[in-house]
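Structure first, then comments.
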Amino acid sequence: MSTLNQLRRSLGRTLENLAEGWQNLRERAGQALTHFRPPAKRDDLDTWEDQVIRHSADWGLLATEVQEDGESVIVRMEVPGMEKADFDIDVIDNHLVVRGEKRVQKERRDGRFHVMECAYGSFERALALPVEVDGHAADARYRRGILTVTLPKLRPAMARRIPVNTA
């Protein structure tokens, strides 16, 4: 086989692997892709924070895990750079709705950005819950960039041993 044919086959396999990887990423992370909206435009002067938000990403990943055990549904969402007061959480029609606003960190105001991958502004993410939950008894905690919401089930799973009879 000629070198040119080997290169073509190798390139073909590489493109197939790349396409498969993108498809896998879209399937697994597609739900986590979340739109961030900048705050409403104010009439006063353009602040440093306004300029950063205007040039930041419009979309960000809010990676999430939804786990169910016998008594509750536990939702873990990666939302770094926020404070617990920045969240608004509701259970609506068997969906957990997480809203928030990610603000610009005010650590440094001098210099210029060369990479702007972080998203800032308000966001909303609705997650379908696998079972009915008691939203009034839910507990939410935020620590180290992870929002954890524990939602007790309305009807916890009842374990029942079934005896096996002889025929």
Cβ pairs under 8 Å, 6+ apart, first in segment 1-22 and among the aliphatic types (A, V, I, L, M), second not in a loop (DSSP other than H, G, I, E, B):
none
Would you pick out the residues in segment 2-16 that are surrounded by 10 or more Cβ atoms within 10 Å (Cβ to Cβ) and either within 30 Å of the chain's Cα centre (by Cα) or assigned to a loop (DSSP other than H, G, I, E, B) (or both)?
T14, L15, E16
Complete set of residues in segment 125-154 that are without any contact (Cβ under 8 Å) to a residue 60 or more places away in the chain, outside any loop (DSSP other than H, G, I, E, B) and under 13 Å from I92 (Cα atoms)
A126, A128, G135, H136
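Every number in this text was worked out from the coordinates using simple rules, so none of it is lab data. Quick caveat, the model's predicted, so the values are computed rather than measured. Heads up, the Cβs are rebuilt from the backbone with ideal geometry, glycines too, and the neighbour counts pull from every protein chain shown.
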